[in-house]
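Here is the structure we will look at, set down as structure tokens.
The values are calculated or read from the model by the stated rules, or taken from the named source; none is laboratory data. Computed from a predicted model, the values in this text were never measured in an experiment. Heads up, the Cβs are rebuilt from the backbone with ideal geometry, glycines too, and the neighbour counts pull from every protein chain shown. Ligands, DNA and RNA are excluded from the accessible area calculation, which covers all protein heavy atoms including side chains. Shrake-Rupley method; radii C 1.70, N 1.55, O 1.52, S 1.80 Å.
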Amino acid sequence: MVFSKKMKMAALGMAALFSFGLLGGCGSNNQATSDQKVVGIVQLVEHDALDAANKGFRDALKERGYEEGKNLKIDNQNAQADQSNLQNIGQRFVSNHVDLIYAIATPAAQTVANLTKDIPIVGSAITDYVGAKLVKSNDVPGGNVTGTSDMNPIKDQVDLLIKLCPNAKTIGCVYTSSEVNSEIQFKAMKEYAESKGLKVEAATISNVNDIQQAAQSLVGKVDAFYLPTDNVIASSMPTLISVTEAAKKPVICGESNM
């Protein structure tokens, strides 16, 4: 099943081990010894939340007896938020016949899921597996993809914004248009905020170079900002904050590390 609790790394490690148990004989990576499991880790980009997901997964494996250099080989790759890098990394894992792929963030999972239906994939830092077309059902995935969801308590976050900024009339949101996870969160936030009588203004970005301009386009229109768990934003949060702080606009974030 797909776990709905946020970033439960021990459970994630167990999911990986379960996959090992079912498919332990499927890997044939010629770079590892016959008694080693081979795990390919693909991380979308470097920032605190995704780094923590990477470390937590490794720690959970070690706690369960899988240790690098002994019975485990890890091929750890960071795509630096580049789609072509994701594609190349995924193809490398598939051609090397790794035993399991650990995909950190929605775009990473989508890329590897499109490349293999045989190698088990464990995902993390993914908001909605169904919305991202990774599984048919969160309760019964039915394929080679499983993992944990980091869906935010969006209604609670909007309620907090209203409590902290009772005079706010308009909320601004900057998010990456190519990240399905961000789009899902934005739509949920917009629907709930509007039900509370608030207006929502959005500015989408494609990469970190767009953040400053997007934020500046909104500061004169909005009273506060809401930021989803967006990987591009999280990787360059100081850029956005430099705009909102100068304009004295409060910011409610989807995760504590932003």
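Out of THR106, THR146, I need the residue that is of a type in the set (Ser, Thr, Tyr) and within 17 Å of GLY56 (Cα to Cα). Which one?
THR146
Could you please find all residues in segment 160-181 being of a type outside the set (A, V, I, L, M) and in contact (Cβ under 8 Å) with a residue 12 or more places away in the chain?
Residues satisfying the conditions are CYS165, ASN167, LYS169, THR170, GLY172, CYS173, TYR175, THR176, SER177, SER178, GLU179, ASN181.
Quick one: which of ALA52, ALA10 is at pLDDT 85 or above and either among the basic types (Lys, Arg) or surrounded by fewer than 20 Cβ atoms within 10 Å (Cβ to Cβ) (or both)?
After ruling out the rest, the residue left standing is ALA52.
Tally the residues that are more than 14 Å from VAL39 (Cβ to Cβ), touching a residue at least 40 places away in the same chain (Cβ under 8 Å) and in a helix (DSSP H, G or I), restricting the search to segment 91-107.
Adding up the residues that qualify gives 2.
What do you reckon, is ASP75 acidic (Asp, Glu), surrounded by 13 or more Cβ atoms within 10 Å (Cβ to Cβ) and at pLDDT 95 or above?
Details: acidic (Asp, Glu): yes; surrounded by 13 or more Cβ atoms within 10 Å (Cβ to Cβ): yes; at pLDDT 95 or above: yes.
So ASP75 fits the description; yes.
Among the residues of segment 157-176, count how many are surrounded by fewer than 23 Cβ atoms within 10 Å (Cβ to Cβ) and not in a helix (DSSP H, G or I).
Going through segment 157-176 one residue at a time, the tally reaches 6.
Could you please find all residues in segment 139-156 being in a helix (DSSP H, G or I) and surrounded by fewer than 20 Cβ atoms within 10 Å (Cβ to Cβ)?
LYS155, ASP156
Do any residues in segment 55-71 that are over 14 Å from LEU100 (Cβ atoms) and open to solvent by less than 60 Å² (accessible area, probe 1.4 Å) have Cβ atoms under 9 Å from those of residues that are of a type in the set (A, V, I, L, M, F, W, C) and part of a loop (DSSP other than H, G, I, E, B), where the two are at least six apart or on different chains, and which pairs are they?
Close Cβ pairs satisfying both conditions: GLY56/MET7.
Surrounded by fewer than 24 Cβ atoms within 10 Å (Cβ to Cβ), more than 19 Å from TYR66 (Cβ to Cβ) and at pLDDT 95 or above - does that describe any residue in segment 93-105?
yes
What are the pairs with Cβ atoms under 9 angstrom where one residue, in segment 123-138, is over 13 Å from VAL112 (Cα atoms) and open to solvent by 40 Å² or more (accessible area, probe 1.4 Å) and the other, located anywhere, is polar (S, T, N, Q) and in a loop (DSSP other than H, G, I, E, B)? Sequence gap at least six, or different chains.
Qualifying pairs under 9 Å: ASP128/ASN138; VAL130/SER137; VAL130/ASN138; ASN138/SER4.
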